[in-house]
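The values are calculated or read from the model by the stated rules, or taken from the named source; none is laboratory data. Values in this document were obtained by computation on a predicted structure and should not be read as measured data. Glycine gets a Cβ as well: all are built from the backbone with ideal geometry, and neighbour counts include every protein chain shown.
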Amino acid sequence: MKEFSKFLASGNRVPSKKIPFYQHWTQQFYAFIMKSPDVSVTPGDIEKFLIFLSKSKEKWQVDQAREAIELYLFFMNRPNKEFRDSGTVHAQWKLTTDEMIKIIRLKHLALATERNYLGWVRSFRRYLGDLPPLKIEVTHLKNYLSHLAVDRKVSASTQNQAFNALLFLFRNALDKDVGDISDTIRAKRKRRLPVVLSREEVRNLLNELTGIYLLSAQILYGSGLRLRECVKLRIKDIDFDRKCLTIRSGKGDKDRQTVLSENIIKDLEEHIQSIEPLFARDREADVPGVELPGGLERKFPNAGKEWPWQWLFPSKKLSTDPRSKVVRRHHVHPSNFQRHIKKAARQAKIPKRVTVHTLRHSFATHLLEDGYDIRTIQILLGHSSIRTTMIYTHVAGKNLLGVRSPLDN
């Protein structure tokens, strides 16, 4: 367990104060299944232990125990340094990225995050040339981040994306601490105000949309959702009686609730009725159930075939799950919504750069103009910091103090 503790401590994988708990859960698990740590375990062993824990422990403790066991199994099965340092440079990089992918999935990070991180690792590798992964030093990271700012002239947010991805690589796959990188040349952060539509422009935009693209745009604007939050809505996330939507695993893996417009309830009910035949055909054809979050697929293997878990906006075609490789029904691809919104904005002759996210900005700004307090808007948007929400005070038609231009008088 000492080596496991060192593994958890390296790269800040687990806060130091939590490491004893992770050791405790792992030891309890092997005592429960009556196996030694060098004997292979099955998913069934893990589920039996977690079900046993759930009878007397809180949910957060069960989740912590699951993560502890998964991290321990990953630690026991990871290739040793000597093995990772052998073979061609290409083979060494493949082992390193495979290890990174396993950690990403153990932490249940979003697929978009996984793709983003791997994209930056590939870019970093091209910058390094033929350098093996275990020969990488913090100096290489600093030089690459400076290269992004000076040579490629990326924005501050893009540079931060690259840093987060490579920090994950260093900590979780290379077992190296980044330390102080304050001497890195940083891209200049420019403050940009969000693009906001007037109420008339929102009305004109919606008039150019039909079908699920109209309904989704009404949800995006009427509830203040991010695009991926909208496409990942499930039937069970809609509460018609309380007129609210529940957003599961939004940005930062947080849940929240937001308002549901009364004006779209009838259309939404009709839409849900219209996708029921598609669900029935899938069940008749014994199509695998929809993707479930976290470990629910192992715990409730048939839940993905139940109606409450189905996507609100299902794709018309089956597709291969990029992680599990299972052929199943996914939700409509986000790019379809982006394309229709941009087309509608052109047809409505709106002289602004309109994206799907513009509807979320407009939701927040119009609530502020209607007199709702900034804290309420923060909760509805799911912002961690009130400072993020305060940006809308700069684009609202009337600011919070009700100041009028002297020219208006």
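Just checking, which of 238, 212 is touching a Cys at 6+ places or on another chain (Cβ under 9 Å), crowded, with 16+ Cβ neighbours inside 10 Å and among the β-branched types (Val, Ile, Thr)?
Numbers: 212 fails: touching a Cys at 6+ places or on another chain (Cβ under 9 Å).
Only one candidate passes the filter, namely 238.
Just checking, which of 289, 304, 294 is within 30 Å of residue 62 (Cβ to Cβ) and either part of a helix (DSSP H, G or I) or modelled with pLDDT of 95 or more (or both)? Spell out the reasoning first.
Details: 289 fails: either part of a helix (DSSP H, G or I) or modelled with pLDDT of 95 or more (or both); 294 fails: either part of a helix (DSSP H, G or I) or modelled with pLDDT of 95 or more (or both).
Just a single option satisfies the conditions, and that option is 304.
With respect to residue 178, determine if the residue is over 23 Å from the mean Cα position of the chain (by Cα), assigned to a loop (DSSP other than H, G, I, E, B) and either more than 30 Å from residue 95 (Cβ to Cβ) or of a type outside the set (D, E, K, R) (or both).
Values: over 23 Å from the mean Cα position of the chain (by Cα): yes; assigned to a loop (DSSP other than H, G, I, E, B): yes; either more than 30 Å from residue 95 (Cβ to Cβ) or of a type outside the set (D, E, K, R) (or both): yes.
Spelling it out, residue 178 is indeed over 23 Å from the mean Cα position of the chain (by Cα), assigned to a loop (DSSP other than H, G, I, E, B) and either more than 30 Å from residue 95 (Cβ to Cβ) or of a type outside the set (D, E, K, R) (or both).
Looking at (1) out of contact with any Ser or Thr (no Cβ under 6 Å at 6 or more places or on another chain); (2) under 22 Å from residue 107 (Cβ atoms), which is the one condition that is false for residue 19?
So the condition that residue 19 fails would be (1).
Is it the case that the stretch 107-119 has a residue that's in contact (Cβ under 8 Å) with a residue 24 or more places away in the chain and of a type in the set (Phe, Trp, Tyr)?
Yes, that holds for at least one residue.
For the stretch 129-149: of the residues being in a helix (DSSP H, G or I) and closer than 14 Å to residue 171 by Cα, which is farthest from the chain's Cα centre (by Cα)? Let's see the steps before the verdict.
We begin by selecting, within the stretch 129-149, every residue in a helix (DSSP H, G or I); these are 133-135, 138-149.
Restricting the remaining residues to those that are closer than 14 Å to residue 171 by Cα gives 133-134, 138, 141.
Working: 133: 27, 134: 29, 138: 27, 141: 25 Å.
Filtering the stretch 129-149 for residues that are in a helix (DSSP H, G or I) and closer than 14 Å to residue 171 by Cα, the one farthest from the chain's Cα centre (by Cα) comes out as 134.
Please specify each residue of the stretch 84-128 satisfying the condition of being surrounded by 15 or more Cβ atoms within 10 Å (Cβ to Cβ), acidic (Asp, Glu) and not in a helix (DSSP H, G or I).
None; the set is empty.
Being buried (at least 17 other Cβ atoms within 10 Å of the Cβ), under 22 Å from residue 89 (Cβ atoms), at pLDDT 90 or above and of a type in the set (Gly, Ala, Ser) narrows it down to one of 173, 162, so name that one. Break it down stepwise before answering.
Values: 173 fails: at pLDDT 90 or above.
Result: 162 is the single residue among 173, 162 that is buried (at least 17 other Cβ atoms within 10 Å of the Cβ), under 22 Å from residue 89 (Cβ atoms), at pLDDT 90 or above and of a type in the set (Gly, Ala, Ser).
Return the residue satisfying two criteria in turn: it lies in the stretch 1-58 and is part of a loop (DSSP other than H, G, I, E, B) and acidic (Asp, Glu), and of such residues it is nearest to residue 172 (Cα to Cα).
Step one: list which residues in the stretch 1-58 are part of a loop (DSSP other than H, G, I, E, B), which gives 1, 13-15, 34-42, 55-58.
Retained after the next criterion (residues that are acidic (Asp, Glu)): 38, 58.
Details: 38: 23, 58: 28 Å.
Among residues in the stretch 1-58 that are part of a loop (DSSP other than H, G, I, E, B) and acidic (Asp, Glu), the one nearest to residue 172 (Cα to Cα) is 38.
Quick check on my filter: what residues within the stretch 47-65 are among the aliphatic types (A, V, I, L, M) and farther than 21 Å from residue 5 by Cβ?
Of the residues in the stretch 47-65, the ones among the aliphatic types (A, V, I, L, M) are 50-51, 53, 62, 65.
Those that are among the aliphatic types (A, V, I, L, M) and farther than 21 Å from residue 5 by Cβ: 50, 51, 53, 62.
Based on this model, can you work out whether residue 368 counts as surrounded by 13 or more Cβ atoms within 10 Å (Cβ to Cβ), within 17 Å of residue 222 (Cα to Cα) and assigned by TED's automatic domain parsing to the domain that holds residue 273? Walk me through how you get there before you give the answer.
Numbers: surrounded by 13 or more Cβ atoms within 10 Å (Cβ to Cβ): yes; within 17 Å of residue 222 (Cα to Cα): yes; assigned by TED's automatic domain parsing to the domain that holds residue 273: yes.
Yes.
For residue 390, only one of the following conditions fails: (1) without any contact (Cβ under 8 Å) to a residue 40 or more places away in the chain; (2) surrounded by 16 or more Cβ atoms within 10 Å (Cβ to Cβ); (3) among the aliphatic types (A, V, I, L, M). What is its number?
Every listed condition holds for residue 390 apart from (2).
Where in the stretch 190-271 are the helices (runs of 4 or more DSSP H), entirely inside, with at least 3 residues that are in the same structural domain as residue 382 (by TED's automatic domain parsing) and within 20 Å of the chain's Cα centre (by Cα)? Steps first, please.
Numbers: elements: 199-207, 211-223, 227-231.
Here the list reads 211-223, 227-231.
Search the stretch 272-286 for residues being in a helix (DSSP H, G or I) and hydrophobic (A, V, I, L, M, F, W, C), and hand back the single one that is farthest from residue 375 (Cα to Cα). Working first, answer last.
First pass over the stretch 272-286, keeping only residues in a helix (DSSP H, G or I): 272-284.
Filter once more, so that each one left must be hydrophobic (A, V, I, L, M, F, W, C): 272, 275, 278-280.
Numbers: 272: 33, 275: 37, 278: 41, 279: 40, 280: 43 Å.
Residue satisfying both the conditions and the ranking: 280.
May I ask you to list the residues in the stretch 307-329 that are in contact with a strand residue (DSSP E or B) (Cβ under 8 Å, 6 or more places away or on another chain) and outside any strand (DSSP E or B)?
Hits for the stretch 307-329 are 308, 309, 310, 312, 313, 321, 326.
Among the numbered criteria (1) closer than 30 Å to residue 375 by Cα; (2) touching a helix residue (DSSP H, G or I) at 6+ places or on another chain (Cβ under 6 Å); (3) crowded, with 16+ Cβ neighbours inside 10 Å, which one does residue 229 miss?
In the conditions (1) closer than 30 Å to residue 375 by Cα; (2) touching a helix residue (DSSP H, G or I) at 6+ places or on another chain (Cβ under 6 Å); (3) crowded, with 16+ Cβ neighbours inside 10 Å, residue 229 misses (2) alone.
State the number of residues belonging to the stretch 339-380 that are more than 17 Å from residue 207 (Cβ to Cβ), under 25 Å from the mean Cα position of the chain (by Cα) and among the hydroxyl-bearing types (Ser, Thr, Tyr).
3
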